[in-house]
Amino acid sequence: MSSHTGVKPSLRFGQVVIGPAGSGKTTYCRGMQEFLTSLGRKVVVVNMDPANETLPYSCAVNISELVTLDDVMESMKLGPNGGLLYCMEYVEANLDWLENKLKEHSDCYFLFDCPGQVELYTHQSSVKNIFSQLAKWNFRLTSVHLVDSHYCADPAKFISVLCTSLSTMLHVELPHVNILSKMDLIEQYGKLAFNLDFYTEVMDLTYLLDHLAADPFFKKFHRLNEKLAEVIQDYSLVSFVPLNVQDRESMIQVLRTVDKANGYCFGDLEERNLQAMMSAAVGADFQFDSTLGVQERYVETSGKTLEEEMMDL
């Protein structure tokens with residue numbers, strides 16, 4: 001391993017893309033790879049999902065060369081969930097293989113496409129330990145956590161997403177960016193009760209609790225939901241960046257947030273002017289106008305007056 005040679009590897013930046021199954025991680029990696037390549041960055045995509053059989057992007061490092069979920073399930077007589085946990089433990093026990101593969105790519109920006117099992121990022125330690133080892137190899141990574149944006153239309157599911165996001169942030173222990181993916185489908189399963197910035201900035205959740213209390217099923221869980229909302233707001237860590245992979249402006253906003261989180265924008269790996277650097281440093285790239293623009297594109301307006309909307313609520 002590199003630590004045995006006494007030579008510290010060069011600084012490498014990248015993203016670990018995590019989130020529930022079906023949240024768009026692989027699609028994000030393909031879109032981000034194409035977007036970064038168009039900007040002139042050398043991009044390496046690492047498939048960390050042993051269950052990912054069809055890859056829509058060019059993959060430089062594929063964990064399936066080391067272990068696959070199908071092989072583990074067959075040989076160990078495990079189901080999909082147990083098999084995936086075993087796979088990640090196997091990767092953790094064979095980090096020399098991963099290090100040697102990553103050594104072949106220098107001066108590159110890395111995208112790690114990770115599995116979609118939630119417990120890997122909330123309480124199981126293998127993936128966390130792998131990320132910690134990457135940091136020791138001088139990787140500066142941002143955890144990019146994707147969740148489906150249409151969960152915003154259901155108050156109960158949105159609170160669940162907030163709890164999962166908070167738990168993931170605390171467990172993974174990396175600079176973290178939460179993404180609302182598939183913004184073009186945000187109202188596929190229902191209309192939003194509030195403006196989009198209410199969800200991206202996670203504003204006063206008592207308004208969502210009032211919505212839940214109106215549902216007979218959730219009324220008996222009011223105290224539980226109230227305490228969950230208090231935990232989320234007490235930590236005050238969770239916020240979201242809206243994303244539509246097919247929208248260039250949306251990709252720029254996400255990349256700007258990620259680059260600021262892992263420190264890439266303060267380095268010298270590509271040309272950048274002083275104004276852009278200082279904007280990232282002081283957080284001057286306000287997101288309100290960006291969120292407003294996303295809302296205008298993807299959220300259908302009702303045409304009602306403020307008083308009529310208040311009466312509906």
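Of note:
- In order along the stretch 170-181, phi translates into HN-Hα couplings of 6, 7, 6, 6, 10, x, 10, 10, 8, 10, 8, 8 Hz, rounded to whole numbers, per the Karplus curve 6.51 cos²θ - 1.76 cosθ + 1.60 with θ = phi - 60° and x for Gly and Pro.
- When the chymotrypsin sites (Phe, Trp or Tyr not before Pro) in the stretch 154-199 are filtered for DSSP coil states and for at most 11 other beta-carbon atoms within 10 Å of their beta-carbon, no site remains.
- Solvent accessible area, Å² - I63, 1.4 Å probe, full protein context: 0 Å²
- In terms of accessible area, using a 1.4 Å probe and ignoring ligands and nucleic acids, M169, M203 rank largest first as M203, M169.
- In loop segments of the stretch 170-263 as defined by DSSP, the GluC sites (Glu not before Pro) with at most 12 further C-beta atoms inside 10 Å of their C-beta are E173.
- Residue-level accessible surface for H211, protein heavy atoms, 1.4 Å, Å²: 70 Å²
- Of the trypsin sites (Lys or Arg not before Pro) found in the stretch 68-117, the ones in coil according to DSSP and having at most 15 other Cβ atoms within 10 Å of their Cβ are K77.
- Between A93 and E34, the contour length at 0.36 nm per residue exceeds the Cα-Cα span by 18.0 nm.
- Annotation: lysines with alpha-carbon distance below 18 angstrom to K220 (same-chain offsets under eight excluded): K157.
- Using a Förster distance of 41 Å, the FRET efficiency for F194-R248 (Cβ separation, nearest 0.05): 0.90
- Rolling a 1.4 Å probe across all protein chains gives D234 an accessible area of roughly 130 Å².
The values are calculated or read from the model by the stated rules, or taken from the named source; none is laboratory data. Since we're looking at a predicted model, the values are computed, not measured. All Cβ positions, even for glycine, are placed from backbone atoms using ideal geometry, and neighbour counts span all protein chains on display. Surface accessibility is based on the protein's heavy atoms, side chains included, excluding ligands, DNA and RNA. Shrake-Rupley method; radii C 1.70, N 1.55, O 1.52, S 1.80 Å.
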